[in-house]
1. Can you list residues from other chains, or at least 5 along the same chain, whose modelled amide H is less than 5 Å from the amide H of MET139?
2. What whole-number distance in Å separates the alpha-carbon centres of the range 201-229 and the range 78-108?
3. Which listed residue (LEU39, VAL54, THR5) has the Cα farthest towards the positive end of the charge dipole for the chain, taking +1 on Lys and Arg C-beta and -1 on Asp and Glu C-beta about the Cα centre?
4. In terms of the Cα gyration tensor, with a ≥ b ≥ c the square roots of its eigenvalues, is the range 8-51 rounded because a/c is under 1.5, prolate because a/b exceeds b/c, or oblate?
5. Residue by residue through the range 111-121, which ³J(HN,Hα) values in whole Hz follow from phi under the Karplus form 6.51 cos²θ - 1.76 cosθ + 1.60 (θ = phi - 60°), with glycine and proline marked x?
6. Which ordering of LEU193, LEU234 is given by a fewest-first count of other beta-carbon atoms within 10 Å?
7. In degrees from 0 to 90, rounded to the nearest 10, what is the angle of the helix 94-107 Cα long axis to the longest principal axis of the chain?
8. Got a sec? Which residues in the range 90-125 would a label at LEU157 touch, if it sits 7 Å along Cα→Cβ and we count backbone N under 16 Å?
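Every read-out reported here was derived from the displayed coordinates using simple, explicitly stated rules and does not represent laboratory data. Note that the coordinates shown come from a computational prediction; the quantities given were computed from them, not determined experimentally. A quick note on method: Cβ atoms are made from the backbone with ideal geometry, for glycine too, and the neighbour counts reach across all protein chains shown.
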Amino acid sequence: MEIKTFGVIGAGQMGNGIAQVAAMSGLNVIMTDISTEFLERGLGNITKLLTRGVDKGKFTADEKDAVLGRIKTSTDLQDMQAADFVVEAATENEALKFKIFKDLDEICASHVILSTNTSSIPIGRIASQTKRPDKLIGMHFMNPVPVMKLVEVIRALATSDETFDTTWELAKKFGKTPAEANDYPGFIANRILMPMINEAVYCLYHGVGKREDIDTVMKLGMNHPMGPLALADLIGLDTCLAILETIYSGFNDSKYRPCPLLRKYVEAGWLGRKTGRGFYEYK
């Protein structure tokens, strides 16, 4: 199946990044969100990153304009009727995702593959909300999307080989390296990453070290590009908490239990970079 128009649900940090790489690969993109404010912010972020690329000589101003010209924004989910492939990148909330996929199942043509960028929710659980479970798949991008090379491709029990192969090739078309993961809560990336972040928060909670020292140990001792607390701020502490809760409930294993300090920060609205304060403060 030839994919010419790519749909993205959500214009946040993940959604606008996915829209950017899709448009840069030559596809027409429809990016939807619930408000024009969110769409303008997302498109503004894409423009800023593309302008930075022009300044660094990675591509020309005309190429930047061509990429932006391939991105259409809309607050109407009905516009996904024109999409040949859709990825959902909304908030990590199961009920919200269920609603989106029920709607997409009615809006999109029967041959269209519906994918989700969920960080942890089992794909089969989402697929069961539709009449096309064979065309449901996980397409988990990493943040920031234009920079990070990995895409986890997660197939549920009912996902067809055709759906998997199409998604795999699409990830490569975007310039990414796909990796296959089986459909368990958290998949591969977050099943490994989130317990590490959670343990770093426990170290802070128990006074084992200050935030800077915890991050320095992991950067210099384990050669990580970012410390786990700074990374949590980048991801969003609310997202980290939601992922941990999904994995914890999925396995009922105490090693995934979210640290009380993480929950306390989220309840206080200290969500990381997006709110200006998390484990660190941002201007």
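1. Amide H to amide H, under 5 Å and 5 or more residues apart or across chains, MET139 pairs with THR116, ASN117, THR118, ILE154.
2. Here the two parts' Cα centres lie 38 Å apart.
3. Sorting the options by dipole projection puts first VAL54.
4. Judged from the Cα gyration tensor, the range 8-51 comes out oblate (a/c at least 1.5, b/c at or above a/b).
5. 7, 6, 7, 10, 10, 10, 8, 3, 8, 7, 6
6. LEU234, LEU193
7. So the helix axis and the longest Cα principal axis differ by about 0 degrees.
8. Under 16 Å, as judged by backbone N against the label point of LEU157, lie 122-125 of the range 90-125.
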